[in-house]
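> Take this structure, written in structure tokens, and hold onto it; I'll ask about it next.
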Amino acid sequence: MADHAKPHAPETPNPDTDAYAHESELEAHLQTKRMVINMGPSHPATHGTVRLKVELEGETIVKIDPEIGFLHRGFQKSCENVTWTQCLPYTDRLNYLSAMMNNFGFLNAVEKLIGLEIPERAQYIRVIGSEIHRLTDHLTCVGATGLELGGFAPFLFAMEFRELLHDRTAELTGARLTTSFGRVGGINRDLPEGWIQKVHKSLDRGMELIDEMDGLLTRNRIFVDRTKGTGVISAEDAIDFGYTGPALRACGVNYDIRKAKPYWVYDRFDFKVPVGEHGDNYDRYLVRLEEMRQSIHILRQAMDTIPAGPIIVDDWRIALPPKPEVYGTIEGVMSHFKLVMEGIQVPAGEVYDSTEASNGELGWYIVSDGSGRPYKVHVRAPGFPVLAAVPHIIEGKMLADLIPTFDTINMIGGEVEQ
């Protein structure tokens, strides 16, 4: 047989040309489009009544649109139809994880408008209640962050400590979450007998649980990879968006109202303000972790130095008369009736006042027309600015980065939908 008639051996395909060229040709004919998915308003990754409309190109977030309005609060207008004291249950529900901080912040603004200074013991109790609820808020945030990144044990440790604190809160206020504890001019009731010793014992166990969470998460390879370098926002952008609280301090901005403008008796206590550097999810986690230790330090100082004395002002135009006076004197029953039916007569004027809540600056702008009901109530809640910045932070990043980012900004639906 002639050479030219011999069959040729098949050539080996070149993977760099033939196979991949064929694959590219197939892909060129595929019809592809971006995918739009909904996260929320009821979704394990959003844990709140907010809808995140996410537009994806593969695993990359091209566009995200946070939608609020699923909780329908109407908080501000509701306050304008009740007495000043009757606003308290509404403030509870702004941030149901740290209700006492909302109570006391609102009351602080009302007292500033009246020009009223509350008794020293009441100021100590407000600090104690606020720091207990700062702990419960941070425990929920840190525990949920660990859970949604696959760490179930840290969540259990966080919930154990939170339950201990809820027990102490119930003993103090009569409720676990929505406390309605404060009153204009002071506090609703004094500390129960033996309560301080119980709190110290709970804090002892709490420090052990915080150390357990620290050991499980802070150097965990998966947790660090999911949080370090993700959800980054610069200090300049954070300030522009109106960030405050742990989210701002994680960017390296040392601003805490308890230090910058001390209120109640915070200037009497020794505590540090944790500050991050990178403004990412990992730093936001670390800041909250250390803030819990500092809150415990504040609590121990406050409980060890709390003075004796009254817990509310002795002025029947502001505080309800004692029950024996109500039942036994005409002056007492009349003062009680007028306060309940007409409300405290707050002098006409306007004021803005703020406190350092668990997630940042909780500001109150209130206007009085001199009657027993607010003319205007507006709350500057810390959750709204951090939620507004989510598109700026996450667009162009991976879908997986959205979960820890939403966790560490700690948006609370109640305060966002005022």
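The values are calculated or read from the model by the stated rules, or taken from the named source; none is laboratory data. All values derive from a computational prediction rather than experimental measurement. Note: ideal-geometry Cβ built from the backbone for every residue, glycine included; neighbour counts use all protein chains shown.
> Checking the structure you have, find out if any residue of region 395-410 is in contact (Cβ under 8 Å) with a residue 24 or more places away in the chain, over 26 Å from the mean Cα position of the chain (by Cα) and part of a helix (DSSP H, G or I).
No, every residue in region 395-410 fails to be in contact (Cβ under 8 Å) with a residue 24 or more places away in the chain, over 26 Å from the mean Cα position of the chain (by Cα) and part of a helix (DSSP H, G or I).
> Moving to a separate point now. Hey, any hits in region 238-245 for a residue that's under 12 Å from Arg284 (Cα atoms) and either part of a helix (DSSP H, G or I) or modelled with pLDDT under 95 (or both)?
yes
> Of all the residues that make up region 72-92, how many are in a loop (DSSP other than H, G, I, E, B), surrounded by fewer than 17 Cβ atoms within 10 Å (Cβ to Cβ) and not small (Gly, Ala, Ser)?
Looking only at that region, the number is 4.
> Still on this model: Being in contact with a strand residue (DSSP E or B) (Cβ under 8 Å, 6 or more places away or on another chain), at pLDDT 95 or above, crowded, with 18+ Cβ neighbours inside 10 Å and more than 24 Å from Thr145 (Cα to Cα) is the requirement here; does Ile257 meet it?
In short, yes.
> Next up: Being small (Gly, Ala, Ser) and within 27 Å of Arg121 (Cα to Cα) is the filter here; which residues of region 268-313 pass it?
Selection gives Ser295, Ala302, Ala308, Gly309.
> Only one of Phe223, Phe181 is of a type in the set (Phe, Trp, Tyr), out of contact with any Ser or Thr (no Cβ under 6 Å at 6 or more places or on another chain) and either surrounded by 13 or more Cβ atoms within 10 Å (Cβ to Cβ) or under 30 Å from Gly105 (Cα atoms) (or both). Can you tell me which?
Unique residue meeting the criteria: Phe223.
> Another question, if that's okay. What residue, of Ala348, Ala319, Ala302, is out of contact with any helix residue (DSSP H, G or I) (no Cβ under 7 Å at 6 or more places or on another chain), of a type outside the set (D, E, K, R) and buried (at least 16 other Cβ atoms within 10 Å of the Cβ)?
Ala319
> Which ones in region 308-363 are part of a loop (DSSP other than H, G, I, E, B) and of a type in the set (D, E, K, R)?
Asp314, Asp315, Arg317
> Within region 24-41, can you find the residues that are at pLDDT below 80 and surrounded by 11 or more Cβ atoms within 10 Å (Cβ to Cβ)?
Scanning region 24-41 gives a single hit, Gly40.
> Among the residues of region 152-170, which ones are surrounded by 19 or more Cβ atoms within 10 Å (Cβ to Cβ) and either farther than 27 Å from Ile311 by Cβ or of a type outside the set (Ser, Thr, Tyr) (or both)?
Once the filter is applied, which keeps residues that are surrounded by 19 or more Cβ atoms within 10 Å (Cβ to Cβ) and either farther than 27 Å from Ile311 by Cβ or of a type outside the set (Ser, Thr, Tyr) (or both), region 152-170 yields Pro154, Phe155, Phe157, Ala158, Phe161, Arg162, Leu164, Leu165, Arg168.
> List the number of the failed condition for Asp65; all other conditions in (1) surrounded by fewer than 18 Cβ atoms within 10 Å (Cβ to Cβ); (2) in contact (Cβ under 8 Å) with a residue 40 or more places away in the chain; (3) in a loop (DSSP other than H, G, I, E, B) hold.
Evaluating Asp65 over (1) surrounded by fewer than 18 Cβ atoms within 10 Å (Cβ to Cβ); (2) in contact (Cβ under 8 Å) with a residue 40 or more places away in the chain; (3) in a loop (DSSP other than H, G, I, E, B) leaves (3) as the failure.
> Let me ask another. Can you tell me which residue in region 158-178 is farthest from Pro119 (Cα to Cα), limited to those that are small (Gly, Ala, Ser) and assigned to a loop (DSSP other than H, G, I, E, B)?
Ala175
> Still on this structure, please answer the following. What tally of residues in region 179-233 results from selecting those that are in a loop (DSSP other than H, G, I, E, B), among the small types (Gly, Ala, Ser) and in contact (Cβ under 8 Å) with a residue 12 or more places away in the chain?
Going through region 179-233 one residue at a time, the tally reaches 4.
> Suppose we filter region 305-316 for residues that are surrounded by 12 or more Cβ atoms within 10 Å (Cβ to Cβ), of a type outside the set (D, E, K, R) and out of contact with any Ser or Thr (no Cβ under 8 Å at 6 or more places or on another chain); how many remain?
Total satisfying the criteria: 5.
> Here is a follow-up. Taking Ala235 as the residue in question, decide whether it is closer than 20 Å to Lys397 by Cα and over 19 Å from the mean Cα position of the chain (by Cα).
yes
> Then there's this: Please work out which residue is surrounded by the fewest Cβ atoms within 10 Å (Cβ to Cβ), limiting yourself to region 362-412 and to residues that are of a type in the set (Val, Ile, Thr) and farther than 16 Å from Asn281 by Cβ.
Of everything passing the filter in region 362-412, Val367 is surrounded by the fewest Cβ atoms within 10 Å (Cβ to Cβ).
> Right, Glu131: buried (at least 24 other Cβ atoms within 10 Å of the Cβ), acidic (Asp, Glu) and in contact with a helix residue (DSSP H, G or I) (Cβ under 6 Å, 6 or more places away or on another chain) or not?
So Glu131 fits the description; yes.
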